[in-house]
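To start, the structure itself, in structure tokens.
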Amino acid sequence: MPSNKSVSDAPITQFINCRILRDNELQREDLWVREGRILDPEKLFFDEQGYADKRVDCEGSIIAPGFIDVQINGGYGIDFSQASEDVSDGVSFVAKKILEHGVTSFCPTLVTSPPEVYHKVLPQVKVHDGGPHGAGVLGFHLEGPFISAEKKGAHPEKYLRTFKSGGLEHLMEVYGSLDDVAIVTLAPELPGSQSVVRELSQRGITVSLGHSAADLSQAEEAVQQGASFITHLFNAMLPFHHRDPGIVGLLTSDGIPAGRAVYYGMIADGIHTNPAALRIAHRAHPSGLVLVTDAITAMGLPPGRHTLGQQVIEIQGLHAYVAGTKTLSGSIATMDMCVRHFKQASGCSVQEALEAASLHPAQLLGISPKKGKLDYGSDADLVLLDEGLHVKATYISGEEVWRKGQ
């Protein structure tokens, strides 16, 4: 029966035989979508006397909001930190491939690079919605170069920067522009960093603390200035110490301003973080945990040597090292793998595992409930999963963009 046309001519899709992740519960009910958004069925039935034009039998699947990856350096042979003429093609290629992992939006991430790389790469990629062409781009995540030499991890030391007296002015010289930038990771102990944190936050850019030897008071000061994220918790920061827990202490700090939340990224690939550390973080601050892949060029590629920014990376099994060392350099995990590993390692509920890849990153970026939720009016970015949390299909704006076996 055709839908009622009093409100819109657009077709209505009804997802049946599913469990929807809503309000931290898996609810057995149908999901209704029109014009890329989730509909309130009561309004549809009673106000419009509307009906579905198309039904999708989900065969008992879980429907969760599409996954959001706020830290991904590349994949499938593409390195976002390589200044080529066709960076946007590379980003588009990865955007298409990660649909099969349930990712519907992401932040292409650039590691520490010389200024000419930022000047070449940043203008080539704009924030845009996802669709059949691939996952949507929410803006760049610039990880470095304003980080600690002591905690540089796989970042090349020769390109690291400190803030000169200009602060934000110096940052702008290095990056060239902050258009289409969503997140900046910096070390809050660098002289002049606190004013930069404040100014970036005022511009609506998420400031993340990472690759840093900051103590807890320096980290708290940065949060008071507007920082709201921690880049890959436990990795490339001072280890937790009972007298000064460092950045890790933000998870239970009483120095966070009222009404403000601190989120933290976790690479739940079974390599970057011991399961016991993952459990400690989750139990200390469950609502702040954001799963990130931190995936590099070699995600989806065979073992061997690949590039990440200005470095050569060696893949051995599931480990990615700076070539010739045992320094970990990003991961080759996919987001759906991280969701499954996080659930298994932490003992958390299915709902918590899915929200760590959807709701929490959306809240971090200030784009919830448009993204990261299945509320009425939210974008119909969906991932259909089986009981084992393997992806069966991915939808963006209510349109199927990937299905297993097709």
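The values are calculated or read from the model by the stated rules, or taken from the named source; none is laboratory data. Every value quoted in this text rests on a predicted model; they were computed, and no experiment measured them. Quick reminder, even Gly has a Cβ in these numbers, built from the backbone with ideal geometry, and neighbours come from all protein chains shown. Remember, those area values only see protein heavy atoms, side chains included, never the ligands or the DNA or RNA. Shrake-Rupley method; radii C 1.70, N 1.55, O 1.52, S 1.80 Å.
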Note down the relative contact order for the chain as a percent, whole number, built from C-alpha pairs under 8 angstrom at least six residues apart. 20
Free-by-geometry Cys in the chain, Cβ-Cβ under 4.7 Å as pairing rule, reported as 107, 338, 348
May I ask you to evaluate 6.51 cos²θ - 1.76 cosθ + 1.60, the Karplus curve with θ = phi - 60°, for each residue of region 97-113 and list the ³J(HN,Hα) values in order in whole Hz, giving x for glycine and proline? 5, 6, 4, 6, 9, x, 7, 10, 8, 7, 10, x, 10, 9, 7, 3, 9
Treating only the Cβ atoms of Lys and Arg (+1) and Asp and Glu (-1) as charged, compute the dipole magnitude of the chain about its Cα centre; round to the nearest 20 debye. 600
Region 180-232 and region 100-165 have their Cα centres apart by a whole-number Å value of 16
Which one, 118, 136, 63, projects farthest toward the positive side of the charge dipole computed for the chain from Cβ point charges (K/R +1, D/E -1)? 118
Of all the Cα-Cα pairs you can form in region 337-406, what percent are over 14 Å apart? 63
Projected area averaged over all directions for the convex hull of the alpha carbon atoms of the chain, nm², comes out at 19.9
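Would you mind getting the accessible area per residue of region 66-365, heavy atoms of the protein chains only, 1.4 Å probe, in Å²?
Working: 10630 Å² over 300 residues.
Solvent-accessible surface per residue comes out at 35 Å².
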For every other residue with a beta carbon closer than 14 angstrom to the beta carbon of residue 358, add +1 if it is Lys or Arg and -1 if Asp or Glu, then tell me the sum. -3
Relative contact order of region 198-306, defined on C-alpha pairs under 8 angstrom at six or more residues apart (%): 22
For region 256-367, with only Lys/Arg (+1) and Asp/Glu (-1) charged at the beta-carbon, what is the dipole magnitude about the Cα centre, in debye rounded to 20? 200
Kirkwood hydrodynamic radius for region 275-406: how many Å is it when counted over pairs of different Cα atoms? 16.5
So what does residue 203 come to for accessible area, using a 1.4 Å probe and Å² rounded to 10? 140
Would you kindly find the accessible area of residue 386, with a 1.4 Å probe and non-protein molecules such as ligands, DNA and RNA excluded, rounding to the nearest 10 Å²? 50
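Considering only protein heavy atoms and a 1.4 Å probe, what is the carbon-and-sulfur percentage of the accessible area of the chain? If you can, show how the numbers build up before the last one.
On the way: 7830 of 16000 Å².
Carbon and sulfur together cover 49 percent of it.
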Summing +1 per Lys or Arg and -1 per Asp or Glu among the other residues with Cβ less than 14 Å from residue 173's Cβ gives 0
Expected output is a single nm value to one decimal: the length gained when fully extending between residue 173 and residue 16, i.e. 0.36 nm times separation in residues minus the C-alpha distance. What is it? 51.2 nm
So if I restrict to the alpha-carbon atoms in region 65-215, what is the Rg, and what is Dmax, the biggest pairwise distance, in Å? 15.1, 46
Which links in 43/96; 43/404; 343/373 stretch past 23 Å when you go from one Cα to the other? 43/96; 43/404
Bins of 5 Å from zero: percent of alpha-carbon pairs in region 132-227: 3, 14, 25, 26, 18, 8, 4, 2, 1, 0
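What is the sum of charges around residue 380, taking Lys and Arg as +1, Asp and Glu as -1, for the other residues whose C-beta is under 14 Å from the C-beta of residue 380? Please list the in-between numbers first.
Values: positive: 22, 34, 37, 54, 370, 371, 373; negative: 30, 35, 40, 129, 375, 379, 381, 399, 400.
The answer is -2.
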Each label sits 7 Å from Cα toward the beta-carbon; between residue 162 and residue 261 the label points are separated, in nm, by 3.6
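Determine the relative contact order of region 56-124: mean sequence separation of Cα pairs under 8 Å and six or more apart, normalised by residue count, in whole percent. Intermediate values should be presented prior to the final figure.
Working: 73 pairs, mean separation 30.2, N = 69.
It rounds to 44 percent for region 56-124.
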Packing-based ranking, highest mean first, of 175-188, 254-267 given that Cβ atoms within 10 Å are counted: 175-188, 254-267
